[in-house]
Amino acid sequence: MNVMDILKPYAERPTDTEQDFDEVAGQVPADALGQGLAQAFRSDRTPDFGSMVGSLFGGSNPQQRAGLLGQLISAVGPTLMATLGSGALGRALKGGAADISPEAAAQVDPQQVRDIATAAEQQDPGVMDRVGAYYAKHPEVVKVLGGAALAIALGQVANRMKR
């Protein structure tokens, strides 16, 4: 099946299907998928960015969790991070954002990640684009966001592919 055949309904009206997402994610450029995810993060038809990132974190493996934390920490900066980082998160950050090990990231609570993501969005709205680009490389995790987010992401991809 042609990618545009799959994407056409998303350009016209959102359709909810994980199978389409799987098929499209493997065929479109990662930057197009990343922009679609960023649009889903910004949408008023999906949960807030912090909640969505908490879900992504919860559905990620330890390496992906470490990478996500690195994205968020770079957006909030060390000063804000010092106030947010406690417990397992504080221990994970001892060496700095670039040194978060998968083992340490696996110990961080998704609620802490939600709080950091919310702060990151306020500090640097571009973090949504970076998290979208990061998860475009890990589309198997994105399905935890649910049908509305997948439909928005695919709609954005469809609109971009029409150009």
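The values are calculated or read from the model by the stated rules, or taken from the named source; none is laboratory data. Just so we're clear, the structure is a prediction, and the values are computed from it rather than from any experiment. Every residue, glycine as well, gets a Cβ built from its backbone with ideal geometry; the counts of neighbours run over all protein chains shown.
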If I ask for residues that are crowded, with 24+ Cβ neighbours inside 10 Å and either at pLDDT 95 or above or touching a Gly at 6+ places or on another chain (Cβ under 9 Å) (or both), which ones from the range 133-149 would you list? Y135, V142, L145
Kindly list, by first and then second residue, each pair from a residue in the range 18-32 that is at pLDDT below 90 to a residue that is of a type in the set (A, V, I, L, M) and part of a loop (DSSP other than H, G, I, E, B), limited to pairs with Cβ atoms under 9 Å and residues at least 6 apart or on different chains. E23/M1
Taking the range 122-139 and keeping only residues that are within 18 Å of V76 (Cβ to Cβ) and small (G, A, S), one is left with G126, G132, A133
When residues of the range 1-17 are filtered for being in contact with a Lys or Arg (Cβ under 9 Å, 6 or more places away or on another chain) and either at pLDDT 85 or above or surrounded by 20 or more Cβ atoms within 10 Å (Cβ to Cβ) (or both), how many remain? 1
May I ask you to list pairs of residues, at least six apart or on different chains, whose Cβ atoms are under 7 Å apart, with the first in the range 151-163 being on the phi < 0 side of the Ramachandran plot and the second being among the hydroxyl-bearing types (S, T, Y)? A151/Y10; A151/T15; I152/S43; I152/T46; L154/Y10; G155/Y10; A158/Y10
